[in-house]
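Working notes, beginning with the structure itself.
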Amino acid sequence: ASAPLAAQVATSANERFDRLDVNHDGGLSKYEMDAEIFIGVLDTDGDHQIGPSELAPLLGTNVTPERALDRVRVADRNADDKLNADEIDRAAGMRFKWMDANGDGNIDRQELSDRFGVPMVGGK
């Protein structure tokens, strides 16, 4: 059995970096931030999509259901209030580019730390 969701979701930038850097090269590449991994960790109801309640643990302990829904809707292109693999890949690609401040194709520990928990849009 897998660990409970709360144990799987990293709550600090360093912890998230360590969990995502699966090849331990000190940088996060796009394949280490893949939609299948994201869905595998967060999809608690087995529908291969991520809804607001499943995304909420990534957003912190004080997140409201409304805020989680807002974050889903930013990337939800088919307006079903869930994120499928294509929507996650698209959003992850945009976020990856935004986080890769030096444009070297990898996200280093400092880049992740600087953007950890910061929404790309909306300022919430």
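The values are calculated or read from the model by the stated rules, or taken from the named source; none is laboratory data. What you see is a predicted model, and the numbers here were worked out from it, not measured in a lab. Positions of Cβ are backbone-derived with ideal geometry, glycine not excepted, and every protein chain shown enters the neighbour counts. SASA here: full protein model, heavy atoms, side chains in, ligands and nucleic acids out. Shrake-Rupley method; radii C 1.70, N 1.55, O 1.52, S 1.80 Å.
For every residue, the table says whether it meets (1) open to solvent by 60 Å² or more (accessible area, probe 1.4 Å); (2) more than 19 Å from Asp47 (Cβ to Cβ); (3) more than 12 Å from the chain's Cα centre (by Cα).
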| residue | (1), (2), (3) |
| --- | --- |
| Leu69 | no, no, yes |
| Val72 | no, no, no |
| Ala75 | no, no, no |
| Asn78 | yes, no, yes |
| Asn84 | no, no, yes |
| Met94 | yes, yes, no |
| Asp100 | no, yes, yes |
| Arg109 | yes, yes, yes |
| Leu112 | no, yes, no |
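Test Glu54 against the stated conditions and say whether it is modelled with pLDDT under 85, more than 19 Å from Leu112 (Cβ to Cβ) and out of contact with any strand residue (DSSP E or B) (no Cβ under 6 Å at 6 or more places or on another chain). The answer is no for Glu54.
Flag: Ile37 matches the condition of being modelled with pLDDT under 80 and within 25 Å of Asp108 (Cα to Cα).
To keep it simple, each residue is scored yes or no on (1) among the aliphatic types (A, V, I, L, M); (2) touching a residue at least 40 places away in the same chain (Cβ under 8 Å); (3) surrounded by fewer than 14 Cβ atoms within 10 Å (Cβ to Cβ); (4) within 19 Å of Phe17 (Cβ to Cβ).
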{"residue": "Gly40", "(1), (2), (3), (4)": "no, no, yes, yes"}
{"residue": "Ala56", "(1), (2), (3), (4)": "yes, no, no, no"}
{"residue": "Asp81", "(1), (2), (3), (4)": "no, no, yes, no"}
{"residue": "Phe116", "(1), (2), (3), (4)": "no, yes, no, yes"}
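Hey, any hits in region 42-50 for a residue that's in contact with a helix residue (DSSP H, G or I) (Cβ under 6 Å, 6 or more places away or on another chain), crowded, with 18+ Cβ neighbours inside 10 Å and within 19 Å of Leu112 (Cβ to Cβ)? Scanning region 42-50, I find at least one residue that is in contact with a helix residue (DSSP H, G or I) (Cβ under 6 Å, 6 or more places away or on another chain), crowded, with 18+ Cβ neighbours inside 10 Å and within 19 Å of Leu112 (Cβ to Cβ), so the answer is yes.
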